[in-house]
Amino acid sequence: MKAIVVHEFGAPEVMKLEEFPTPKAGPGQAVVRIHAAGVNPFDTYMRAGTYAIKPPLPYVPGGEGAGIVETVGEGVTKFKTGDRVYVGHPLTGTYAEYALALESHLHRLPDRIPFNQGAGIYVACGTAYHAIFHHANARAAETLLVHGASGGVGIAAVQIARALGMTVMGTAGTDKGLELVRREGAHHAFNHKNAGYTEAILKATEGRGVDVILEMLANVNLAADLKLLARHGRVIVIGSRGDVTITPRDLMARASSVKGFVLWGISEADEADVHAGLYAGLENGTIRPVVGKELPLVEVVRAHKEILETGALGKTILIP
């Protein structure tokens, strides 16, 4: 099969399109013919060798995708050849024509969702759902600020929170990003490049502050986030690219908290809840993955460079 292969950790250029052995399904496993693969920031950190997980070399990148079940191994009962699925955390990477996954890593893809959108479900929508319901314990009457709302996770969070009944605010760094955030359901959108945007957020809450903040770049925003919280407010850290200095008194004065997580650490019970909820939302149109950029597999180097640039809109997808 054709696949992107990494033989050494380093810059994006270490990724090469090569012929690679096609995986075979063992007991409890399935091979998925990948029609679209999602690109995520953690893919770039793993390729660079700076991520907490360091796969043995050589390896095929890609932690999520969507396609059709090609073959199933002994003991697989929930899926069969020909089923439409999205896959997360597979045994082999999705930047390839085929990927190997455990049965538990497969999730049914509703017929109404095309594969390019399906490739953006597991990480973006799964992270947003897990953050809002399991970590923030958000409630309908609360106010949510999504810091970095024009990206894949941010858009999913806006859609989910709006459907839940929350008052939703989002930030973005471009006019197109702000337009997208509003279109996907935010009641208020703020340009985080503008001086005084935090004061505008507080003004929109009539000085009360926000109950929940989903933070995509904590090393830049966390210190300011703490001053935006209402009493008993919560910041959920989803992404960070460095260290940050905060003032603990901002937490103490509001009896507030900061919590972080990685999607790979999710429990089986929470994961079952996430994907049941996502399936329902995908079916009824509440959740609508937004594909911002779709590239052929051969342009993987470009994808890895551009996903870390500011102003990204929606999900970046590779097509094998």
note = Hits in the stretch 128-149: amide N under 15 Å from the 7 Å Cα→Cβ extension of Asp273, namely 128-140
message = Give the separation of the Cα centroids, the stretch 196-232 to the stretch 86-164, in Å.
response = 24
ask   = Which value results for Rg/Rh of the stretch 124-264 when Rg is the Cα radius of gyration and Rh the Kirkwood radius based on the inverse mean 1/r?
value = 0.92
query = Taking the simple approach of a point 7 Å from Cα along Cα-to-Cβ for both Lys203 and Arg241, what is their distance in nm?
reply = 3.0
message = Considering only C-alpha atoms, what is the centroid distance from the stretch 251-301 to the stretch 1-80, in Å?
response = 20
Rounded FRET efficiency, nearest 0.05, which uses the C-beta distance separating Asn284 from Phe261 and R0 of 30 Å = 0.65
task = Subtract the Cα-Cα distance of Met1 and Asp250 from 0.36 nm times their separation in residues, and report this length gain in nm to one decimal.
result = 84.3 nm
task = Nearest 5 is fine: what % of DSSP beta bridges in the chain come out antiparallel, could you say?
result = 50
Segment Arg139-Glu74, length gained on full extension (0.36 nm per residue, minus Cα span) = 19.1 nm
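Could you tell me which of rounded, prolate or oblate describes the stretch 39-158, using a ≥ b ≥ c as the square roots of the eigenvalues of the alpha-carbon gyration tensor, with rounded for a/c under 1.5 and, failing that, prolate when a/b is larger than b/c and oblate otherwise?
Oblate, since a/c reaches 1.5 and b/c is not below a/b.
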Cβ-defined net charge surrounding Gly311, 15 Å radius [Lys, Arg +1; Asp, Glu -1] = +1
ask   = Near Asn116, within a Cβ-to-Cβ distance under 14 Å, what is the net charge of the other residues, with Lys and Arg +1 and Asp and Glu -1?
value = +3
query = With labels modelled as points extended 7 Å from the Cα through the Cβ direction, what inter-label distance (nm, one decimal) is found for His232 paired with Arg302?
reply = 5.1
Spatially proximal lysines relative to Lys315 (Cα-Cα < 21 Å; intrachain offsets below 8 disregarded) = Lys176, Lys293, Lys305
remark   = Filtering trypsin sites (Lys or Arg not before Pro) in the stretch 1-93 by DSSP loop and by at most 16 other Cβ atoms within 10 Å leaves Lys24, Lys78, Lys80
key: Bins of 10 Å from zero: percent of alpha-carbon pairs in the stretch 210-265   = 27, 56, 17, 1
query = Per Stokes-Einstein, at 37 °C and 0.692 mPa s, what whole-number D in µm² s⁻¹ belongs to the chain, with the Kirkwood radius over Cα pairs as the hydrodynamic radius?
reply = 164
request  = Take the Cβ-Cβ distance between Thr174 and Asp83 as r, set R0 to 41 Å, and report the resulting FRET efficiency rounded to the nearest 0.05.
outcome  = 0.60
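Can you check what the net charge comes to around Val244, using other residues whose Cβ is under 13 Å from the Cβ of Val244 (Lys, Arg +1; Asp, Glu -1)?
-3
Every read-out reported here was derived from the displayed coordinates using simple, explicitly stated rules and does not represent laboratory data. Keep in mind that what you see is a predicted model, and the values were worked out from it rather than measured. Using ideal geometry, Cβ is built from the backbone for each residue, glycine included, and neighbour counts are taken over all protein chains shown.
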